[in-house]
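Report on the following structure.
Taken together, the values in this text are just the output of simple stated rules run on the coordinates, not laboratory data. As the structure is a prediction and not an experimental result, all values here were calculated from the model. For neighbour counting, all protein chains shown are included, and Cβ atoms are generated from backbone atoms with ideal geometry for every residue, glycine included.
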């Protein structure tokens, strides 16, 4: 189990490796542009080579790319859907270029239309992105907290999309805060066991390729996407100890997306807390 974080890539994508190394991260996630804008970064050959060299030199990986927050595969706006597909295809090609594992992204919201109504469009969109991108990249669906009609707050919704999409390249990233807010009690051993069993039945543990390790400001089943530093939220240190001790997660990279103890984003202290829990779980 590798422990890492979302890190900035400003100043050159290779600088993401430098920032990861400084905080003790062993695996990373980056953006390929501003997360709230459609415009994506174009990488120069020298940037690509510098990144690859630093990744090999430090051994930091696997690496993932997080998609644009504006992506919504359930939108009823054709222009927004086209932009969403273009952004995902671009980012998948970036993954191929930089040798990242794949794009982790939020499926979007049906905005009251209902899951069944938007389901065919979402499936067709997933198929379209996979079909237009290199075979060595994964399209990674992230579970949601359920706020605002967001798709994928329960594992059955994710599993149904994956099943209909019909590609082994469609994977899942489990966000612990989103799952907790959606009603999955990851804090207790019994609740975690039930959640893992449901995930395996509905999605398949073979589809799980990353964990967004975030504590929760939101109470269990509160339905709100609000991250907290590890041990400072409703999941707590005991909850993360349960997660890291469970066999389902032992080979899965953990990536933090937390406010940071200095309110500047993921930091060394959060990474070190997870590393100490990993050691207690006998995984170091």
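Per DSSP H run of n ≥ 4, the term is -39500 (n - 2.57); total these for the chain, divide by its residue number, and report the mean residue ellipticity at 222 nm rounded to 500 deg cm²/dmol.
Values: 9 runs with 116 residues, N = 284.
Per the formula, -13000 deg cm²/dmol.
Once the piece of chain linking residue 128 and residue 197 is laid out straight, how much longer is it, given 0.36 nm per residue of separation minus the C-alpha distance between them? Write down the numbers at each step before the final one.
Values: separation 69, 0.36 × 69 = 24.84 nm, distance 3.02 nm.
Result for the pair: 21.8 nm of gain on full extension.
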The value for the stretch 136-236 (convex hull of the alpha-carbon atoms, volume per residue, Å³) is 90
Which part of the stretch 67-102 falls in the paramagnetic zone of residue 164, meaning amide N under 14 Å from the point 7 Å along Cα-to-beta-carbon?
73-75
Which value, to two decimals, describes the C-alpha radius of gyration of the stretch 45-150 once divided by 2.2 N^0.38 Å?
1.19
What ranking of 138, 38 emerges when the number of other C-beta atoms within 10 Å of each C-beta is taken as an exposure proxy, fewest first?
38, 138
Evaluated over the chain, the Cα radius of gyration and Dmax, each in Å
17.7, 50
Given a cut-off of under 8 Å on Cα pairs at least six residues apart, what relative contact order in percent is computed for the stretch 3-280?
16
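What is the order of 252, 28, fewest Cβ neighbours within 10 Å to most?
Numbers: 252 21, 28 28.
Lowest to highest Cβ neighbour count: 252, 28.
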At what distance in nm do the modelled label points of residue 251 and residue 206 sit from each other, each positioned 7 Å from its Cα along Cα→Cβ?
1.2
Run the quick spin-label model on residue 82 and residue 96: label points 7 Å from Cα toward the beta carbon, then report their separation in nm to one decimal.
2.2
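Calculate how many DSSP beta bridges within the chain are antiparallel, expressed in % of all such bridges and rounded to the nearest 5.
Working: 3 of 28 bridges.
In the chain, DSSP labels about 10 percent of beta bridges as antiparallel.
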Distance in nm between pseudo-label sites at residue 34 and residue 135 (7 Å out along the Cβ direction from Cα)
3.9
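Going by how many other beta carbons lie within 10 Å of each one, how would you line up 57, 26, 257, fewest first? Present the calculation step by step, with values, prior to reporting the outcome.
Working: 57 11, 26 20, 257 17.
Least to most surrounded, the residues fall as 57, 257, 26.
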